[in-house]
Ligand code: ATP
């Protein structure tokens, strides 16, 4: 079910300080998608989630779930949390230690007074889904962190929510378990075809899981798009920087053609991806390290070729990562292992214009 947010504002006042946690947020979360709010600590992700759930009262704006307005300042509508039809999975698993796995998962159905046979059937389905069959009679606390998080997920699922919301659900798991649980989550959210709103500050998690990512900064949504868009074609410097490592250089737009834009920066005059920026405009040239290659392989026509001096190089498996000095600039680049070179040597660097992004300053 789609969620639509319009003009949402939320200000906190504490100890004489005022914080605009949400600053006129407009957002549409399409039905049946995994939609991620990504941003650094304090940017307002959790506040937005809590406003949608109804645990926090916004100051202004409107929230719709499907066709229903669940909150509106203007229309004075405030549907209570339990009537919004949402499921939540938190960072802390929020499972009850004194209950068995079965009773933890069955809880939302028991509260509603569902018949016993139905409860058994739904819990069995949910256990199957999160791959936890066979542990239903164990105390929930005897399970590992990853298994406890799956219990929390199963509990959210049995209630058949219209939307399921996740607040940093993997951040208490170790790296390996986090990856495993992420894959499992992606698979069964895909199979369920449910709308999922996911909050994280982990860019890899956002890239791996989401259909759409919204990057937030200081209470605002800066940019929204697919993981590929955000990584390869971001429009904002902040987004390009937050979503992955990026070399950035101050640049001036020199010339525009239909299929490329020419910009002058500390590296020289560089052919960049076409952007709708006027000649003379100040911009930031942004290039991901994996697209700056020192290679013996032939590259396509139209590549930028510049020269630099290797300052340092490190073998990271498959390739070397190197710091290369070009004029007064330093850039992070990749060197193919078959290129025999060493720090202090001059090398030719190839830059694909398609991966040289000009972002307006
Ligand atoms: P994190 O990833 O650390 O949870 P976040 O992006 O979820 O961060 P929020 O928790 O939504 O950010 O907080 C947004 C801003 O609002 C922060 O500056 C925070 O300090 C402030 N804030 C949040 N809750 C309250 C509160 N109950 N009282 C006062 N200020 C608050």
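The values are calculated or read from the model by the stated rules, or taken from the named source; none is laboratory data. None of the values given here were measured: they were computed from a predicted structure. In this analysis, Cβ positions are derived from the backbone assuming ideal geometry, glycine residues included, and neighbour counts consider all displayed protein chains.
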Completion exercise
residue 336 meets each of (1) over 25 Å from residue 231 (Cβ atoms); (2) surrounded by fewer than 16 Cβ atoms within 10 Å (Cβ to Cβ); (3) in contact with a strand residue (DSSP E or B) (Cβ under 9 Å, 6 or more places away or on another chain) with one exception, condition (1)
Practice task
Could you please find all residues in the stretch 3-19 being surrounded by 14 or more Cβ atoms within 10 Å (Cβ to Cβ) and at pLDDT below 95?
Solution key: 19
Completion exercise
Only one of 180, 191, 160 is under 13 Å from residue 87 (Cβ atoms) and at pLDDT below 85, namely 160
Handout entry: From 123, 130, 151, residue being modelled with pLDDT under 85, buried (at least 18 other Cβ atoms within 10 Å of the Cβ) and at negative phi
Key = 130
Practice task
Exactly one condition in (1) more than 16 Å from the ligand (Cβ to nearest atom); (2) assigned to a helix (DSSP H, G or I); (3) within 13 Å of residue 3 (Cβ to Cβ) is not met by residue 82; state its number.
Solution key: (3)
Fill in the blank from the handout: Contact list, first residue from the stretch 336-361 and assigned to a strand (DSSP E or B), second anywhere and exposed (fewer than 12 other Cβ atoms within 10 Å of the Cβ), beta-carbon distance below 6 Å, six or more apart or interchain, is 348/305; 350/305
Fill in the blank from the handout: Contact list, first residue from the stretch 29-46 and closer than 15 Å to residue 242 by Cα, second anywhere and within 6 Å of the ligand (Cβ to nearest atom) and in a helix (DSSP H, G or I), beta-carbon distance below 6 Å, six or more apart or interchain, is 37/45; 39/45
Practice task
Considering every residue within the stretch 278-288, establish whether at least one is modelled with pLDDT under 95 and more than 30 Å from residue 217 (Cβ to Cβ).
Solution key: no
